[in-house]
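The values are calculated or read from the model by the stated rules, or taken from the named source; none is laboratory data. A quick note: this is a predicted structure, and the numbers were derived from the prediction, not measured. Counting neighbours? That spans all protein chains shown, and the Cβs are built from the backbone with ideal geometry, glycine included. Remember, those area values only see protein heavy atoms, side chains included, never the ligands or the DNA or RNA. Shrake-Rupley method; radii C 1.70, N 1.55, O 1.52, S 1.80 Å.
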Amino acid sequence: GAGVSQSPSNKVTEKGKDVELRCDPISGHTALYWYRQSLGQGLEFLIYFQGNSAPDKSGLPSDRFSAERTGGSVSTLTIQRTQQEDSAVYLCASSLATDEQYFGPGTRLTVT
Amino acid sequence: AQSVTQLDSQVPVFEEAPVELRCNYSSSVSVYLFWYVQYPNQGLQLLLKYLSGSTLVKGINGFEAEFNKSQTSFHLRKPSVHISDTAEYFCAVRFNFNKFYFGSGTKLNVKP
């Protein structure tokens, strides 16, 4: 079956512009996660959606970052007024309630 | 607060030597335990997982890990490493069917 997909695979944007990153989780997965991985660094948790519960936004680094998940499926991560320090690979993952996470290929964001 | 600790940020080892990558977590509540591997310039993939049953878990590429509830540990081992095992390894824990927590990663560098 299809895995987690993310689009675009690469995004180059100018400082100050807004960007939207999309994640299509595996069908039926109730949990969805966004992470950020800066060059040579580990995984930085951003936000977690579980079913219809309120999302866990505790990892969002600033109010320029937001995410939504429509209909319990597709998720969009939005970064407003991008800064150079936002350059990173943004990873999405989904899971069932009692199983491992399945990761997408990531979106490489470059802010110039 | 829940947490996952990977004490070793980098582990250099010679080819064909044994290796152990350490992972400790903060709580003895119900846990699911995972190791993920990220090869250079690639995405994250599952190496192995512990959900229940035998505390010794075998994964891909000859890796294994042992769940030790009393020590709240899930160390990853391989008796003889290859150059191709050079990668970053992430320990992840899911507490009480809730969200995942990742360690900061261990970079395994296998030298000829």
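Among the residues making up segment B:32-42, a single one is open to solvent by less than 70 Å² (accessible area, probe 1.4 Å) and in a loop (DSSP other than H, G, I, E, B): B:TYR39. The residues in segment B:16-31 that are of a type outside the set (Asp, Glu) and assigned to a loop (DSSP other than H, G, I, E, B) can be counted, and the count is 9.
Selection over segment B:71-112 of residues that are small (Gly, Ala, Ser), in a loop (DSSP other than H, G, I, E, B) and either free of Cβ contacts under 8 Å to residues at least 40 places away in the same chain or within 11 Å of chain A (Cβ to nearest Cβ) (or both) gives a count of 3. Residues of segment A:29-43 that are within 9 Å of another protein chain (Cβ to nearest Cβ) and touching a Gly at 6+ places or on another chain (Cβ under 7 Å): A:GLY42 alone.
In the set (1) open to solvent by less than 10 Å² (accessible area, probe 1.4 Å); (2) more than 25 Å from B:LEU7 (Cβ to Cβ), A:LEU91 fails one condition alone, (2).
B:PRO12 meets each of the listed conditions (1) at pLDDT 95 or above; (2) assigned to a loop (DSSP other than H, G, I, E, B); (3) under 26 Å from A:VAL89 (Cβ atoms) apart from (2).
For segment B:43-63, the tally of residues that are open to solvent by less than 30 Å² (accessible area, probe 1.4 Å), in a strand (DSSP E or B) and over 15 Å from B:VAL31 (Cβ atoms) stands at 2.
Within segment A:65-87, residues that are farther than 20 Å from A:GLY16 by Cβ and surrounded by 15 or more Cβ atoms within 10 Å (Cβ to Cβ) have Cβ atoms under 7 Å from residues that are modelled with pLDDT under 95 and of a type in the set (Phe, Trp, Tyr) in these pairs: A:ARG69/A:PHE49; A:SER75/A:PHE49, counting only partners at least 6 apart in sequence or on another chain. Please verify whether A:SER75 is at pLDDT 95 or above and farther than 30 Å from B:ALA87 by Cα, treating the condition exactly as stated. Criteria not met by A:SER75. Kindly establish whether A:GLY59 is under 18 Å from B:PHE100 (Cα atoms) and within 14 Å of chain B (Cβ to nearest Cβ). So A:GLY59 fits the description; yes.
Has segment A:19-28 got at least one residue that is at the interface with another protein chain (Cβ under 10 Å from one of its Cβ atoms) and open to solvent by less than 40 Å² (accessible area, probe 1.4 Å)?
no
Contact annotation: residue pairs with Cβ atoms under 7 Å, 6 or more positions apart or on different chains, pairing a residue in segment B:35-56 that is at the interface with chain A (Cβ under 9 Å from one of its Cβ atoms) with a partner that is assigned to a strand (DSSP E or B) and open to solvent by 50 Å² or more (accessible area, probe 1.4 Å), are B:TYR36/B:GLN45.
What do you reckon, is A:GLY106 surrounded by 13 or more Cβ atoms within 10 Å (Cβ to Cβ) and within 12 Å of chain B (Cβ to nearest Cβ)?
Values: surrounded by 13 or more Cβ atoms within 10 Å (Cβ to Cβ): yes; within 12 Å of chain B (Cβ to nearest Cβ): yes.
Against the criterion (surrounded by 13 or more Cβ atoms within 10 Å (Cβ to Cβ) and within 12 Å of chain B (Cβ to nearest Cβ)), A:GLY106 qualifies.
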